[in-house]
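Peer 1: Here it is, the structure in full.
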Amino acid sequence: MSRSLPWLHPERVALLEQALRERILVIDGAMGTMIQRHGLDEADYRGERFAEGYDRQHHPQHEGHGPHCGHDLKGNNDLLLLTRPEVIEGIHRAYLEAGADLVETNTFNATAISQADYHLEHLVYELNRAGAALARKACDAVEAATPGKPRFVIGVLGPTSRTASISPDVNDPGFRNTSFDELRATYREAVEGLVDGGADTLMVETIFDTLNAKAALFAIEEVFEARGARLPVMISGTITDASGRTLSGQTAEAFHTSLAHARPLSIGLNCALGARDLRPHIEALARVSPYYVSAHPNAGLPNAFGGYDETPEEMAEVLRGFARDGLLNLVGGCCGTSPDHIRAIAEAVRGLPPRVPAGALEQAA
């Protein structure tokens, strides 16, 4: 596929390129952590549109006998884009006001594979478009109040709940519960929505299976080719445990080698580990990558109750060490982080020079 397509929003790309050259940019923190603070119940997730157990807009003829009639929707955080958009917009605004330069859309599970758990596969395009539009609205509002400091929307493509490389059945190692083509199709639908909603960049994130990521990147290129223009693409993997490897078995260097052909804007790591444990793997990426490097770790490792105990000050101090040692271009937070964490991180890296790669955006074009 062609890599010579023009930028879809050249003026936004120019602003992003300038900002990346000038300073370390700050990504937002956890969405799920903030949603939990609102204490939402089933009625919040359903809203009026899904109150009767079916999608009134998509299946008005069902009148209570829709495909997800009686199925709980609580926990489907992506659905809040349609039923409680003010909650999601408020979270975006809180992160932006805390110092984030980029916010991630609330579309981590907005793929047909993940939405199948709620029988809402038909919402994929709508969810992604709404997610990008809502983040765009928040960014534009805060940017208008702080002229000279552009804010950017990252259109998020999550890993889905399945893996194309590993069998879920230990007794049948050759079995797969998804395929490259299935992943490619649902990712393409999601990408269309993110682009139409106004995303500045796309991020394939929390990658635990590189084959899943390759399907996402292939779908992205299909959309760009069809539109005759492209957006910058970001890639972020996850080292799953102390082994220092992704779930599909790759070290950070191997992960980079497998995906460098996509010529992304940035490549980095997020989730699973806290900043201290993530550092050697970020060092490895910073050493080998010609692209910008990102890190948005968890607030430490989960405690016995599944919570995260690392304070904003503790996390910020560790990440300041990353920046001081020339490892970072983009930094933020994942599970357990809040606007307080992002505020502390933004302050910790302020004034420190960004890592200088070998012209990431020129290579991505």
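Peer 1: First select every other residue whose beta carbon is under 9 angstrom from the beta carbon of Ala138; then total the charges, Lys and Arg +1, Asp and Glu -1.
Peer 2: Residues close to Ala138 contribute a combined charge of +2.
Peer 1: Taking one equal scatterer on every alpha-carbon of the stretch 209-305, how large is log10 of I(q)/I(0) by Debye at q = 0.12 1/Å?
Peer 2: -0.40
Peer 1: For the chain, what is the percent of antiparallel DSSP beta bridges, rounded to the nearest 5?
Peer 2: 5
Peer 1: Another question, if that's okay. Could you give the Stokes-Einstein D for the stretch 83-197 in µm² per second, using the C-alpha Kirkwood radius, 20 °C, 1.002 mPa s?
Peer 2: 139
Peer 1: Could you work out the equivalent-ellipsoid semi-axes for the stretch 94-158, taking the square root of 5 times each eigenvalue of the Cα gyration tensor, largest first, in whole Å?
Peer 2: Semi-axes (√(5λ), whole Å): 28, 10, 8.
Peer 1: Can you say what percent of the DSSP beta bridges in the stretch 185-338, counting only those with both residues inside, are antiparallel? Round to 5.
Peer 2: About 5 percent, rounded to the nearest 5.
Peer 1: Mind giving me the nanometre distance, one decimal, between the label points for Arg324 and Phe180, set 7 Å out from Cα along Cα→Cβ?
Peer 2: 4.6
Peer 1: log₁₀ I(q)/I(0) of the stretch 157-227 at q = 0.13, 0.14, 0.20 Å⁻¹, via Debye over equal Cα point scatterers, no solvent, to two decimals?
Peer 2: -0.38, -0.44, -0.78
Peer 1: Take Asp172 and Ala242, extend 7 Å from each Cα along the Cα→Cβ direction, and tell me the distance between the two endpoints in nm.
Peer 2: 3.5
Peer 1: Another question about this same structure. Using the scaling law 2.2 N^0.38 Å as the reference, what is the normalised Cα Rg of the chain?
Peer 2: 0.94
Peer 1: Hey, got a sec? Which trypsin sites (Lys or Arg not before Pro) in the stretch 1-33 land in a DSSP loop and have at most 14 other Cβ atoms within 10 Å?
Peer 2: Sparse-neighbourhood loop trypsin sites (Lys or Arg not before Pro): Arg3.
Peer 1: Still on this structure, please answer the following. So what's the Cα pair-distance distribution over the stretch 134-283, bin width 10 Å, in %?
Peer 2: Calculated P(r), rounded to whole percents: 11, 35, 33, 17, 3, 1.
Peer 1: Local charge sum around Ala112 (other residues, Cβ-Cβ under 9 Å, Lys/Arg +1, Asp/Glu -1)?
Peer 2: -3
Peer 1: For Glu42 paired with Asp72, estimate the spin-label separation in nm (one decimal), with each label point 7 Å from Cα along the Cα-to-Cβ line.
Peer 2: Taking the two extended label points, one gets 0.8 nm.
Peer 1: May I ask for the distance between the Cα centers of the stretch 261-327 and the stretch 146-190, given as a whole number of Å?
Peer 2: Centre-to-centre (Cα) distance: 21 Å.
Peer 1: Taking the chain as a Gaussian network, Cα atoms linked when under 10 Å apart, which of Leu102, Leu259, Leu278 shows the biggest mean-square fluctuation?
Peer 2: Taking springs between Cα atoms under 10 Å, the residue moving most is Leu259.
Peer 1: Would you mind giving the average projected area, over all directions, of the Cα convex hull of the stretch 264-365 in nm² with one decimal?
Peer 2: About 6.2 nm², averaged over all directions.
Peer 1: A further question on this structure: Rounded to the nearest 0.05, what FRET efficiency do Ala254 and Glu143 give with R0 = 45 Å and r taken as the Cβ-Cβ distance? Could you check?
Peer 2: 0.70
Read-outs: derived from the displayed coordinates by stated rules, not from any lab. These numbers come from a predicted model, not from an experiment. Cβ atoms come from the backbone with ideal geometry, glycine included; neighbour counts cover every protein chain shown.
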